[in-house]
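In what follows, a structure is listed as structure tokens, so that the remarks can point back to it.
The values are calculated or read from the model by the stated rules, or taken from the named source; none is laboratory data. Everything numeric here is computed off the predicted structure, so don't read it as measured data. FYI the Cβ positions are ideal-geometry reconstructions off the backbone, even for glycines, and counts take in every protein chain you see. These accessible areas exclude ligands, DNA and RNA; they are computed on the full protein's heavy atoms, side chains included. Shrake-Rupley method; radii C 1.70, N 1.55, O 1.52, S 1.80 Å.
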Amino acid sequence: MQHTLKVSLFFTLLGVGIGIAQDLTFEEYNPISTLVIPGKIIKKAKFPFIDVHGHQYRMATQDLSELIVAMDTLNEAIMVNLSGRSGENLTNALKNVEDHYPNRFVVFANIDFEGVGSEGWTEKTVNQFEQDIKSGARGLKVYKSLGMYNKDSDGNRLAIDDPRLDPIWDKCAELNVPVLIHSADPKSFWDDFDIDNERWLELKTHPRRKRSDSDPAPWEQIIEEQHRMFKKHPKTTFINAHMGWYANDLGKLGKLLDEMPNMNVGIGAIIAELGRQPRFAKDFFIKYQDRILFGKDSWVPEEFPTYFRVLESADEYFPYHKKYHAFWPMYGLDLPDEVLKKVYYKNALRIVPGLDKSLFPN
């Protein structure tokens, strides 16, 4: 009788286990690959690198030594903090850097675009930005709120190429500082939320990221505004964050780079797109090696090895670090050393003023 009970219990539990497995949702399903092939995690970049897309929101008061420890582990020589804000907060952040690690951090200023069109807005904003650069900021970071959420003094959505903003881009050219600009979001956020949308999992787990043609505007319109602005200001150097959301269409991105020689691109938050097209992406990086800059975006040190492995190795079929960003495996681009050096630091040294070149190989 006891033996019979044990057997019955075993098959009951087995059935429960099978039932649980059969009832798994797509969100839960995350199998461990059984593929056994050469390759290893790269925890430290092959060359010192500059992260041109960093965010440290407490730089005015935080202990920078904690950042330095993590940066040294990764071989990150310089972090560009794009969240410098303006005025007193920016000045305090710059002082903290100057007092402790003056050659390891760079700070970009920000502009609040709300209220464009009100009396004196343009003159006041340009003057403040010029003062921020004189205080030590090395560039301007423009958030995606421009073109999506910022409104002018009449309550209308502020277009990226609004002519009332021209003096800002002209001032950046005059001061010889770059503009790192993030416009819109991935095109899939505007697409139908259905079985054909490959960002379905991200939209399911982060529903606030869903956009539409009326919330706030069509994707194509926002992107075209950005490109018109680039073309209107050829003397201003732009770094288009997230490869301008064309990392999934490098052919199109190449044409845009050809059309706009003042546009460069950063690779922050789009490494998953590059890692699924290693041969095409490698050819793209070689062709446009002078126009691509390393950037990570969110400061999560344990995620950097994915970037290193995609850029440096020839490894196959290794996992990305966020399933909701990419449920597909990665492949290494195996970039030549000279291309790696340009992406990691040489292009940033040329574009961002005042960086310490002694931190990098000759």
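When the chain is treated as a GNM with alpha-carbon contacts under 10 Å, the residue of 277, 22, 56 showing the greatest mean-square fluctuation is 22.
The residues of the stretch 323-362 expose, per residue, 44 Å² of accessible area to a 1.4 Å probe. The computed volume of the Cα convex hull per residue in Å³ for the structure shown corresponds, within (1) 222; (2) 251; (3) 174, to (3). Using R0 = 45 Å, the C-beta based FRET efficiency linking residue 134 and residue 232 works out to 0.95.
Give me Rg/Rg_expected for the stretch 50-99, where Rg uses Cα atoms only and Rg_expected = 2.2 N^0.38 Å with N residues.
Working: Rg = 10.8 Å, N = 50, 2.2 N^0.38 = 9.7 Å.
That works out to 1.11 for the stretch 50-99.
Here the gap between residue 317 and residue 101, fully extended at 0.36 nm per residue and compared with their Cα-Cα distance, gives a gain of 73.9 nm. Loop only by DSSP, 16 or fewer other Cβ within 10 Å of the Cβ. Give me the chymotrypsin sites (Phe, Trp or Tyr not before Pro) in the stretch 318-347 that pass, ordered by residue number. Loop-located and lightly packed - 324. For the stretch 44-93, what % of the accessible area comes from carbon and sulfur atoms, probe 1.4 Å? After summing per-atom areas, the C and S share lands at 49 percent. Amide H to amide H, with H built 1.01 Å from N, residue 264 comes under 5 Å of 238, 239, 240, counting only residues 5 or more places away or on other chains. For the listed residue pairs 46/322; 232/342; 46/323; 232/255; 46/252, the alpha carbons are over 19 angstrom apart in 46/322; 232/342; 46/323; 46/252. Legend: distances between Cα atoms for 151/231; 95/171; 296/341; 141/231; 124/151; 141/171; pairs beyond 20 Å are 151/231; 95/171.
For the stretch 296-336, list residues with backbone N below 13 Å from a point placed 7 Å from the Cα of residue 286 toward its Cβ? The answer is 333-336, whose backbone nitrogens lie closer than 13 Å to the label point. Computed from the C-beta positions of residue 166 and residue 62, the FRET efficiency with R₀ = 35 Å rounds to 0.45. Taking every C-alpha pair closer than 8 Å and separated by at least 6 residues, the mean separation divided by the residue count of the chain gives a relative contact order of 18 percent.
Other residues with beta-carbon under 12 Å from the beta-carbon of residue 193 carry, at +1 per Lys or Arg and -1 per Asp or Glu, a net charge of -1. Please work out the average accessible area per residue across the stretch 93-151, using the 1.4 Å probe convention, and give it in Å². Result: 46 Å² per residue.
For the stretch 129-242, the alpha carbon positions stretch 50, 29, 23 Å along the principal axes, listed from largest to smallest.
At full extension, residue 209 and residue 30 could sit 62.2 nm farther apart than now, given 0.36 nm per residue minus the alpha carbon distance.
Which percent of the accessible heavy-atom area of the stretch 252-362 goes to carbon and sulfur, probe 1.4 angstrom? Walk me through the numbers before you get to the answer.
On the way: 2250 of 4460 Å².
After summing per-atom areas, the C and S share lands at 50 percent.
Each residue of the stretch 195-348 gets 127 Å³ once the volume of the Cα convex hull is shared out per residue. Within the chain, the longest run free of GluC sites (Glu not before Pro) that sit in a DSSP loop with at most 15 other Cβ atoms within 10 Å is 199-315.
The distance separating the Cα centre of the stretch 78-126 from that of the stretch 304-350 comes to 30 Å.
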